[in-house]
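In what follows, a single structure is set out as structure tokens and then discussed.
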Amino acid sequence: MKTLKLATLLTLLLFSTSQIYSQNTDSDTEKEAVLKVMKSYKDALQNLTTEGTFQLFSENSEVFESGGVEGSYAHYIEHHLGPELEHFKKFEFSDYEIDVQVDTPYAFTTETYIYTIVLKPDDKGDTRTIKKKGVATSILKKMDGNWEIIKTHSSSRNSK
């Protein structure tokens, strides 16, 4: 009888620890997938392009920037960020940190960074450098097996 109880206890212990380990592995895998989406977007901006970024956002995404409602990502690119990128010589992130929390089917990110923008020379040949401290929060949703940004908000202030 003691052997049966011990075997049952060990089986339950093995089952419960394997479930916990399995959940951690799934969570780590999902976190890595979310990080990949966010890195792809950051890398595109640093490369001064929007190519390949539309698939990172849901069709009905919402973008908020420094107190403004920018609309969907497609609208934001067409009317705001897209035209701006054409005037940039360089866009670079530094001191970048990201926190990711996954609660499937949602994920929540907080990014902090300093960004430096070097503008292309104007008609007089003058360039200007903008350096700001920024923060961004995003909500992603896993849809059809892919993580997509459904809401994102960013703001910045002068870097000290």
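Looking at region 54-63, can you tell me whether even one residue there is small (Gly, Ala, Ser), part of a strand (DSSP E or B) and closer than 17 Å to Ser159 by Cβ? The answer is no; no qualifying residue exists. Just one of the listed residues (Asp99, Asp103) is within 12 Å of the chain's Cα centre (by Cα), of a type in the set (Asp, Glu) and over 18 Å from Ala44 (Cα atoms), namely Asp99. Restricting Leu81, Leu140 to those that are open to solvent by less than 70 Å² (accessible area, probe 1.4 Å) and under 15 Å from Lys39 (Cβ atoms) reduces the list to Leu140.
The values are calculated or read from the model by the stated rules, or taken from the named source; none is laboratory data. This one's a predicted model, so the numbers in the text were calculated from it and none came from an experiment. Quick reminder, even Gly has a Cβ in these numbers, built from the backbone with ideal geometry, and neighbours come from all protein chains shown. Protein only, heavy atoms only, side chains kept; ligands, DNA and RNA dropped before computing areas. Shrake-Rupley method; radii C 1.70, N 1.55, O 1.52, S 1.80 Å.
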